[in-house]
Amino acid sequence: MNESTSNQLNECNLDNSSETYQFNATNCVVDGKFVPKVGMIFKILEEIGKFYKHYSKLAGFSTKIRNTTRDEDKIKNQLIVCSREGRWKSKISPTLKTNPSAGLNCPARIYVHIMKDVGLWIISKVILNHSHPCCADQAEMLKQYREFSMFVHRTIETHEEAGIRPSKTYQSFVAAAGSHRELGLIEKDVRNYITREVRNIFEEDDAKEFGKYLVRMKEKNQNFFFELNLEGDHCIKHAFWADARSRAAFDYFGDVVSFDTTYNTNRYNLVLGSFVGVNHHGQSTLLGCALIKNEDIQSFKWLFECWLCCMGGKAPKELYEDCHIWIPVYLDHHFWAGIRSTQRSKKREFDAADFHTVIPCATKSAIEAQFQRVYTHEKFREVQAQFRGKANCITRSMHSTLGFTTYEVIEQVSNSTFNKFVVTYDAVSRYVKCHCLLFESRGILCCHSLSVLSFE
């Protein structure tokens, strides 16, 4: 630093004679050697920044870089101002925020530029007065000067890993320091450090461990499938996995698949997606899982390409999305296998019951006996409900052409309510279809069709 300087800079000197401000530069005395003055010379720009920051801490205010001018990739000049420069108000209502922050148009600043002929930096303009009071004895609490020691870093990381709340961690620091002022940081600093640093470290570590887990599962069973896509910071961007049982189940129960992304993981805000099919008991069976960072087109494209690769390029006949739950009336012409929610599967219990027990037929119908032999208990009970409903149906032939007959079936659903259905029957192919579309959507023959078959 050199104060000797330059007569040629007189035109840059500050003339404050016409300007008045409410407050003096500081409410404490700062040693003159630390006060910025026009004409001070520094070797590099960083030295000026450190010098002005040191002065501002002694004076009790904080600073920010307001403007930087460059010539290609080289800095020509820079304006450093008080952090309360400018006119602005907090967007948070004063009724919600007891101490709303606002810019006070503070004029305090220094302007520096490089002298091209010698390559040195010079302070060419200085304003020391502020439009607000400065408090040097509380400067340690200004954000610019709050610093963490290595001990504080390690303690926060240890407490976060142990699940200790940030407020408890901060109180332990206050107790050790003796007071809030002696501590030199606030609780928000602890929370910000956890959000910015600690959880990023944990997320990166957890992503690595998750990747190792997937590799171990693959080593145990070569039919285990996974794809893992990490971001630049080694955190999870996309992940998909399916075990051998899920892949085998898709071969049997992959006609209709539900894909659900209604769940988020709490810690890393990843979206959890699940592929779910319906087995022969009408119960949900898991066909694969996924984690994605964002629900955007590229993420879903990546995910479904992984799904197809996992399942040998075989796509489900129908993909059932969660929103379809609200519009089943528009989707009855699709086969949904009775999907309404992601129930947990109890396949083993149902399989054992089907093997050791038999549900007796409720009628002497050969059709019911056929269903009894081929359907699981769960599905056969649904069939029997339709056989019982057949008793409430009245069937009459409307017209017949070349073996193709149209019937009207009137179903009594209450004492005073009757519903009409149209059923067509092809005597050549023995194909029956009702416009209620129960068989098309659930794989169960409706009572209206059963009534027509009995009529035939």
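The values are calculated or read from the model by the stated rules, or taken from the named source; none is laboratory data. In this text the structure is predicted, and so the values were computed from the model without any measurement. Neighbour counts are summed over all protein chains in view; Cβ atoms, including those assigned to glycine, are modelled from backbone coordinates with ideal geometry.
Each residue in segment 13-48 was checked for being within 15 Å of P133 (Cα to Cα) and modelled with pLDDT of 85 or more, and 0 of them qualify.
Across segment 39-78, the number of residues qualifying as buried (at least 17 other Cβ atoms within 10 Å of the Cβ), hydroxyl-bearing (S, T, Y) and either without any contact (Cβ under 8 Å) to a residue 60 or more places away in the chain or out of contact with any helix residue (DSSP H, G or I) (no Cβ under 7 Å at 6 or more places or on another chain) (or both) comes to 3. So, N105, is that one of a type in the set (S, T, N, Q), under 40 Å from the mean Cα position of the chain (by Cα), modelled with pLDDT of 70 or more and not in a strand (DSSP E or B) or not? Taking the combined requirement at face value, the residue satisfies it.
Within segment 294-311, residues that are free of Cβ contacts under 8 Å to residues at least 40 places away in the same chain sit with their Cβ atoms under 7 Å from residues that are in a loop (DSSP other than H, G, I, E, B), at 6+ positions apart or across chains, in these pairs: L308/A315.
Can G273 be described as touching a strand residue (DSSP E or B) at 6+ places or on another chain (Cβ under 6 Å), modelled with pLDDT of 85 or more and either within 29 Å of G443 (Cβ to Cβ) or exposed (fewer than 13 other Cβ atoms within 10 Å of the Cβ) (or both)? Yes; evaluated as a whole, the condition is true for this residue. Scoring G312 on the criteria (1) at pLDDT 70 or above; (2) loosely packed, with under 11 Cβ neighbours inside 10 Å; (3) on the phi < 0 side of the Ramachandran plot leaves a single failure, condition (3).
Confirm whether L438 is surrounded by 15 or more Cβ atoms within 10 Å (Cβ to Cβ) and out of contact with any Ser or Thr (no Cβ under 6 Å at 6 or more places or on another chain). Yes, satisfied. Quick check on my filter: what residues within segment 445-456 are out of contact with any Lys or Arg (no Cβ under 7 Å at 6 or more places or on another chain) and either within 9 Å of Q386 (Cβ to Cβ) or at pLDDT 90 or above (or both)? Result: L445, C446, H448, S449, V452.
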